């Protein structure tokens, strides 16, 4: 359930009002764009991507706010974007009870949607109030029109990330299988 959306980038200045200890803080879009740019640059998916390509991408990526105990998406939902956590913590769930992993600032989820175009394979629940960048197929299409080589590199990096997660899951399943065999032999 999406609670709020703010668009980053663009030509008009955007101001977000936040309250902290009764002080009013103004955060300009330039500062937010710089923070988002640094966040992307620190991620393996965007490794070696030119700053100008990332700036273009950020112009087409809304910032999404999700309150604690709400879902970014549920297993089986249609999918066309990935999310990058700027703030907060989420839990990835399979079914209603199987906890796959917790993710925090700088982590991404939903990346399979940009590769296989299938429905969501898991649910993602905000366990704290969250702010995330949403990168859609459309945003990547815009990038491909201007920076084809950078787009291709992002696609390769996405495949590497999915492969890394698959290897980690294989290892986890192997350990569970070994543990199950041990338990069966004891009985």
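Could you pull out the residue among 85, 91, 103 that is assigned to a strand (DSSP E or B) and surrounded by fewer than 19 Cβ atoms within 10 Å (Cβ to Cβ)?
Details: 85 fails: surrounded by fewer than 19 Cβ atoms within 10 Å (Cβ to Cβ); 103 fails: surrounded by fewer than 19 Cβ atoms within 10 Å (Cβ to Cβ).
Only one candidate qualifies: 91.
What's the total number of residues in the stretch 48-61 that are part of a loop (DSSP other than H, G, I, E, B) and in contact with a helix residue (DSSP H, G or I) (Cβ under 7 Å, 6 or more places away or on another chain)? Outline the logic, then answer.
Taking the stretch 48-61 first, the residues part of a loop (DSSP other than H, G, I, E, B) are 48-50, 59-61.
The next check asks that each one be in contact with a helix residue (DSSP H, G or I) (Cβ under 7 Å, 6 or more places away or on another chain); those that pass are 48-50, 60-61.
Within the stretch 48-61, residues that are part of a loop (DSSP other than H, G, I, E, B) and in contact with a helix residue (DSSP H, G or I) (Cβ under 7 Å, 6 or more places away or on another chain) number 5.
Inside the stretch 106-118, can you point out the residues that are assigned to a loop (DSSP other than H, G, I, E, B), loosely packed, with under 15 Cβ neighbours inside 10 Å and touching a helix residue (DSSP H, G or I) at 6+ places or on another chain (Cβ under 9 Å)? Can you show your working first?
Here is the first cut: in the stretch 106-118, the ones assigned to a loop (DSSP other than H, G, I, E, B) are 106-107, 110-112, 117-118.
Now narrow it down to the ones that are loosely packed, with under 15 Cβ neighbours inside 10 Å: 106, 117-118.
Once the filter is applied, which keeps residues that are assigned to a loop (DSSP other than H, G, I, E, B), loosely packed, with under 15 Cβ neighbours inside 10 Å and touching a helix residue (DSSP H, G or I) at 6+ places or on another chain (Cβ under 9 Å), the stretch 106-118 yields 106, 117.
Looking only at the stretch 63-81, count how many residues are within 22 Å of residue 155 (Cα to Cα), touching a residue at least 60 places away in the same chain (Cβ under 8 Å) and surrounded by fewer than 19 Cβ atoms within 10 Å (Cβ to Cβ).
The first filter runs over the stretch 63-81 and keeps only residues within 22 Å of residue 155 (Cα to Cα), leaving 63, 78-81.
Then drop every residue that is not touching a residue at least 60 places away in the same chain (Cβ under 8 Å), which leaves 63.
Narrowing the set further to residues that are surrounded by fewer than 19 Cβ atoms within 10 Å (Cβ to Cβ) leaves none.
So the answer is 0.
Only one of (1) assigned to a helix (DSSP H, G or I); (2) within 16 Å of the chain's Cα centre (by Cα); (3) modelled with pLDDT of 95 or more is not met by residue 45, so which one is it?
Going through (1) assigned to a helix (DSSP H, G or I); (2) within 16 Å of the chain's Cα centre (by Cα); (3) modelled with pLDDT of 95 or more one by one, residue 45 breaks only (3).
Do you know which of the residues in the stretch 119-150 that are part of a helix (DSSP H, G or I) and touching a residue at least 40 places away in the same chain (Cβ under 8 Å) is farthest from residue 172 (Cα to Cα)?
Here is the first cut: in the stretch 119-150, the ones part of a helix (DSSP H, G or I) are 137-146, 148-150.
Add one more test, that the residue is touching a residue at least 40 places away in the same chain (Cβ under 8 Å), and what stays is 137-140, 142-143, 146, 150.
Numbers: 137: 31, 138: 34, 139: 34, 140: 32, 142: 37, 143: 36, 146: 40, 150: 33 Å.
Applying the filter and picking the extreme gives 146.
The values are calculated or read from the model by the stated rules, or taken from the named source; none is laboratory data. Predicted, not measured: the structure shown is a model, and the values here were computed from it. Glycine gets a Cβ as well: all are built from the backbone with ideal geometry, and neighbour counts include every protein chain shown.
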